[in-house]
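Undergrad: Can you read through this structure? Questions will come right after.
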Amino acid sequence: MEKLLNKNKFDTLIAGLKKQGYKTVAPKKDNRLVTLEEVQDASEISLDHVITNNSIKEFFFPKTEKILSYTLDKNKVEMEEPKGFAVKSVIFGTRPCDAFSLPVMDKVFNWDCSDKFWVERREAITIVTISCDKSDSYCFCTSVGLAPDAKQGSDVLLTKISNDEYLVETVTEKGENLVKEMESVFSDPPGTPDRQVATVEEKFDLKKIKPWLDDNFEHDVWDEFSNKCIGCGACTFVCPTCHCFDIVDECTMTKGDRVKNWDGCQFTMFTMHTSGHNPRSTQGMRWRQRIMHKFKYYVEKFDSTLCVGCGRCSRVCPADMNISEMLELIETEAGK
Amino acid sequence: MIEELRKKAEELLKNDTVKVVFGYGEGSVPERTRPVFITKPEDVNKLTWNKYCVYNLTTYLKRQETRKLGKPAIIVKGCDARTIIVLLKECQIKREDVYILGVTCDGVGDPLATKCESCDVHTPRIYDDLVGEKKENKEVPFEERYAELDEYEKLGEKEKWEFWQKQFSKCIKCYACSNMCPLCFCDRCIVEKNQPQWIDSSAHARGNLSWNVTRAYHLAGRCINCEECQRVCPVDIPLNLLNKKLAKEAEKNFDYRPGYSVDDELAMSTYKEEDSQEFFK
Amino acid sequence: MDNIYRPYLMTISDMTDEAPGVRTFRLNFSDEEEGKNFKFQTGQFGLYSVFGAGESTFCIASSPTREDYIECTFREAGRVTKALRELNVGDTIGFRGPYGNVFPIDKWEGKNLVFVAGGIALPPLRSVIWNCLDLRDKYKDVTIIYGAKTVDDLVYKNELKEWEARDDINLVTTVDPGGETPEWTGKVGFVPTVVEEAAPDSNDTIAIVCGPPIMIKFTLPVLEKLGFKHDKVYTTLENRMKCGLGKCGRCNIGCTYVCKEGPVFTAEEISKMPDEF
Ligand SMILES: Cc1cc2nc3c(=O)[nH]c(=O)nc-3n(C[C@H](O)[C@H](O)[C@H](O)COP(=O)(O)OP(=O)(O)OC[C@H]3O[C@@H](n4cnc5c(N)ncnc54)[C@H](O)[C@@H]3O)c2cc1C
Ligand code: SF4
Ligand code: SF4
Ligand code: SF4
Ligand code: SF4
Ligand code: SF4
Ligand code: FES
């Protein structure tokens, strides 16, 4: 289904969503950052950015969440299931790369057995994406098979067609239902809309990456490229497709929670055995894991690249480690 | 100045004074530089110097990956050189194990970093060799040095609490702040210890408060305000405000500013009979 | 939808001190129904939790042929294992599992079996040893070579005696040089050397090796020398694990999630993995 949405209808849309019982999450400006956050009305929404600083991930897989609660009484334990974590919501104005990270992550959270904390949120949340009308030099969606107006993962896709108009395309049934629910804010689309979509240069040829990785687990480039990396978690935490986590208990004498926390392969402690033995003892090995996981292991296992080209990891890296540069380097090595 | 730097680096590598030069190289975008580690004289052209050289490269003195490269020459601005003084005093490095290539500096960052506004170390206070024209290190009055705290200190207790609650709630526990900090050099940080679990590892209100406050406290009287922690925080928490506040208190109480002299007595690890605190005795 | 992170509640019904710092718990399902429906196969592991301290990975050290309980043997190492040691008979712990793949004991029927274990790595082998011993007539010769640092460090001392007394098992025990006592009648020497001396016949034989990485590293070449083909040698890997379910991303070696496709691997499979364990 195609529709048209005028900017001056945002107010009615957000208010309408609220009335229908949706929580709305949208980009909001806060000092130097633009973050996806809950908004109460359209005036809070900011759309003048390339991409939000935080990714869509935290709404499906929060930085910390309870996976079990319990009470302790002498040697009696009562367990209680966390409730109310999947809230009916609309994420409005996320980007196509972020939206695509969802079907990519569905694979790991559902293979063999399903993680209900992910799955139930997936069901409860509707994704309304806005195609990118600008990009920056960190973006490389086109190198990983996406585009600034890609539809995969969105329920509804909006694309700018004039200063204050968006073309509305429904992608899934869920999206179609949402548009129907809010019917009054949309109008009929023009015949030949002029879609304002950013151009994103293709930086490397994805087809050349995996064959090189297959053969080069041992290579000097891992250490050489990563010697400036300080081994923090910034790149993996801002990444929409990094999904590693830790499980810890937090409690008082009488009650406690088991929680699932973001964790990442760039930390020294991540793989360290209690004995002190560490299978990935250097940053080069950890950096290799990151690239290998995203461009080889995940591809082999789940038939999908674990990177959507959003460029966030490179933007935040304290040491200016740039992932697309690494991939370009691999492409060069592969051509040698 | 870039040429002079490259020449010095080349010399040091050629005559085998050092095995590697820690310096600044071109970044992935024009508004950034990045740390580079030059091991071959023919690579010195990768070195650069401009207003984007914000990094405090001394953090690489603590990392096993860069230590492995051999004895370094390290390019330091005046503020970075203060870190070297602290590292020397805290026995983290030996003087003979690093070659200090000081650069004189008019300030970095775009817009100019806060630390540079009240800089009193345009010329490093410790170096083996100096690149750039020597500049006078003018003493900056106490109030001016802590001017960025003015607004904050006007807040009431409750407002301060709310301010930090809001800021810390953003923390994602990525530990970029502590990993980047040259003075956070513990092999195993207190957050990585679980017996007992001093700090909840979860990024919730309690865990974030205890993490951020503990980190700041462990730097009190040591932090040289290079602002690296704040620069690298992906969620833009004004960590500098916290560090500055503690630095101010340390200076007020102990008349101590770290990183100015290798001969002074450290504020936090010097015992004095006349200490005003009773519990010490 | 079920919560895959929700553990079973288990009651500690018995405990045995095996060696300094090493203890075995016998665990029964607090809910009988759950206990009846619970099935596992030898080689599998689980996540055992002390409520308030966290979860820790141990293999199931008992044999599936003993149906009314499971056992785990753990060494006090860190936070969770310390908390486990503070528990007593009657206390409740959590258990998630069974996870991972299994020792393919059906495929081994009619063959000789050689078990080689070092240190605290006997628990995973104990499960498969008992499993095979409970089905003794399906296998030919059974040899068990087990070594520890000192006599004191040998675990399952009672079971070792039991195995020693049986004439359908060839048991060789050894302690590292300096770890012997005056009464010690077993061998003195490192496991790889003792395996070489014992020289089990590799013909129609399966070898199962568990131990610290360093022991495995030195034992595999010895077995090769004795004529064991890589696909006839089995071992288990112990990567740090959190979920046990192929989600948390911690345990992989290359494309292999050790918690799902492991922890049991043949030497053949391991030789194809990147060197990251
Ligand atoms: C498949 C498999 C089978 C095993 N079988 C056995 C067995 O039968 N018997 C046995 O004794 N051992 C076994 N182990 C090893 C055992 O899992 C570890 O020795 C044990 O988990 C460590 O004990 P801990 O939890 O007390 O250690 P800790 O290191 O204290 O860990 C406690 C928890 O905190 C986390 N943690 C630890 N350190 C940190 C840190 N610095 N920062 C943040 N979090 C941290 C850990 O991940 C863990 O969840 C097995 C391991 C595997 C993978
Ligand atoms: S690549 Fe950058 S963000 Fe990632 S761990 Fe290294 S320094 Fe941190
Ligand atoms: S790896 Fe980097 S570019 Fe790729 S999805 Fe993650 S944050 Fe984005
Ligand atoms: S790149 Fe690292 S942190 Fe990200 S999903 Fe893979 S292993 Fe986990
Ligand atoms: S705490 Fe921050 S400002 Fe202080 S020395 Fe460390 S990185 Fe620099
Ligand atoms: S860098 Fe910022 S987000 Fe990361 S741990 Fe430090 S304060 Fe928290
Ligand atoms: S233990 Fe979590 S993926 Fe294997």
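The values are calculated or read from the model by the stated rules, or taken from the named source; none is laboratory data. Just so it is clear, the structure is predicted and the values come from calculations on it, not from any experiment. We place every Cβ from the backbone using ideal geometry, glycine too, and count neighbours over all the protein chains shown. Accessible surface is based on the protein model in full, side chains and every heavy atom, while ligands, DNA and RNA are left aside. Shrake-Rupley method; radii C 1.70, N 1.55, O 1.52, S 1.80 Å.
One line per residue, one yes/no per condition, for (1) without any contact (Cβ under 8 Å) to a residue 60 or more places away in the chain; (2) out of contact with any Pro (no Cβ under 9 Å at 6 or more places or on another chain); (3) more than 16 Å from ligand 6 (Cβ to nearest atom):
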site	(1), (2), (3)
A:I291	no, yes, yes
A:E300	yes, yes, yes
A:T305	no, yes, yes
A:G309	no, yes, yes
A:A319	no, no, no
A:E333	no, yes, yes
A:K336	yes, yes, yes
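Undergrad: While we're on this one: Do any helices (runs of 4 or more DSSP H) lying entirely in region B:1-111 carry at least 3 residues that are away from chain A (no Cβ under 14 Å), and which ones are they?
TA: B:2-14, B:78-89
Undergrad: Let me ask something additional. For region B:146-161, does any single residue satisfy the condition of being farther than 30 Å from B:H204 by Cα and assigned to a helix (DSSP H, G or I)?
TA: Yes, that holds for at least one residue.
Yes/no per residue for (1) open to solvent by 80 Å² or more (accessible area, probe 1.4 Å); (2) touching a residue at least 60 places away in the same chain (Cβ under 8 Å); (3) at negative phi:
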position: B:T104; (1), (2), (3): no, no, yes
position: B:D110; (1), (2), (3): yes, yes, yes
position: B:D128; (1), (2), (3): no, no, yes
position: B:E133; (1), (2), (3): yes, no, yes
position: B:C186; (1), (2), (3): yes, no, yes
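Undergrad: Pick out the one residue from A:T172, A:T241, A:T192 that is within 30 Å of A:I125 (Cβ to Cβ), of a type in the set (V, I, T) and surrounded by fewer than 17 Cβ atoms within 10 Å (Cβ to Cβ).
TA: On the way: A:T241 fails: surrounded by fewer than 17 Cβ atoms within 10 Å (Cβ to Cβ); A:T192 fails: within 30 Å of A:I125 (Cβ to Cβ).
None of the others qualify; the one that does is A:T172.
Undergrad: I'd like to verify a number: residues in region A:274-298 that are among the aliphatic types (A, V, I, L, M) and either closer than 28 Å to C:V50 by Cα or more than 9 Å from chain C (Cβ to nearest Cβ) (or both), how many?
TA: Within region A:274-298, residues that are among the aliphatic types (A, V, I, L, M) and either closer than 28 Å to C:V50 by Cα or more than 9 Å from chain C (Cβ to nearest Cβ) (or both) number 1.
One line per residue, one yes/no per condition, for (1) open to solvent by 30 Å² or more (accessible area, probe 1.4 Å); (2) in contact with a helix residue (DSSP H, G or I) (Cβ under 8 Å, 6 or more places away or on another chain); (3) under 28 Å from B:C53 (Cα atoms); (4) away from chain A (no Cβ under 13 Å):
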{"position": "B:A203", "(1), (2), (3), (4)": "no, no, no, no"}
{"position": "B:R206", "(1), (2), (3), (4)": "yes, no, no, no"}
{"position": "B:A216", "(1), (2), (3), (4)": "no, yes, yes, yes"}
{"position": "B:E265", "(1), (2), (3), (4)": "yes, no, no, yes"}
{"position": "B:S276", "(1), (2), (3), (4)": "yes, no, no, yes"}
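Undergrad: List every residue pair whose Cβ atoms sit under 8 Å apart, with the two residues 6 or more apart in sequence or on different chains, where the first one lies in region B:216-236 and is within 16 Å of ligand 4 (Cβ to nearest atom) and the second, anywhere, is assigned to a helix (DSSP H, G or I).
TA: That search, which allows pairs on different chains as well, returns B:P234/A:A234; B:P234/A:F237; B:P234/A:V238; B:P234/A:V316; B:P234/B:A176.
Undergrad: Take C:V188 and decide whether it is in contact with an Asp or Glu (Cβ under 7 Å, 6 or more places away or on another chain) and more than 25 Å from C:F45 (Cβ to Cβ).
TA: Yes: the conditions hold for C:V188.
Undergrad: In contact with a strand residue (DSSP E or B) (Cβ under 7 Å, 6 or more places away or on another chain) and either within 16 Å of ligand 3 (Cβ to nearest atom) or among the basic types (K, R) (or both): does that describe C:K242?
TA: Judged against the criteria, C:K242 is a match.
Undergrad: Which one of B:C181, B:C174 is within 16 Å of ligand 3 (Cβ to nearest atom) and at the interface with chain A (Cβ under 10 Å from one of its Cβ atoms)?
TA: B:C174 is the lone residue from the list that is within 16 Å of ligand 3 (Cβ to nearest atom) and at the interface with chain A (Cβ under 10 Å from one of its Cβ atoms).
Undergrad: Further, regarding this structure: In region A:305-319, is there at least one residue being under 26 Å from A:D136 (Cα atoms) and within 16 Å of ligand 7 (Cβ to nearest atom)?
TA: Within region A:305-319, one or more residues are under 26 Å from A:D136 (Cα atoms) and within 16 Å of ligand 7 (Cβ to nearest atom).
Undergrad: Let me ask you something else. So, restricting to strands (runs of 3 or more DSSP E) that lie completely within region A:47-131, which ones have at least 2 residues that are within 14 Å of chain B (Cβ to nearest Cβ)? Steps first, please.
TA: Details: elements: A:64-73, A:76-80, A:89-94, A:125-130.
Qualifying strands (runs of 3 or more DSSP E): A:64-73.
Undergrad: Just to be sure, is B:D200 touching a Gly at 6+ places or on another chain (Cβ under 6 Å), in a loop (DSSP other than H, G, I, E, B), at pLDDT below 90 and more than 16 Å from ligand 2 (Cβ to nearest atom)?
TA: Considered against the rule, which asks whether it is touching a Gly at 6+ places or on another chain (Cβ under 6 Å), in a loop (DSSP other than H, G, I, E, B), at pLDDT below 90 and more than 16 Å from ligand 2 (Cβ to nearest atom), B:D200 comes out as yes.
Undergrad: Then there is this: Taking A:C317 as meeting all but one of (1) within 16 Å of ligand 2 (Cβ to nearest atom); (2) at pLDDT below 95, write down the number of the exception.
TA: (2)
Undergrad: Looking only at residues that are open to solvent by 30 Å² or more (accessible area, probe 1.4 Å) and more than 8 Å from every other protein chain (Cβ to nearest Cβ) in region A:251-273, which one is nearest to A:E81 (Cα to Cα)?
TA: Once the filter is applied, the top-ranked residue is A:D257.
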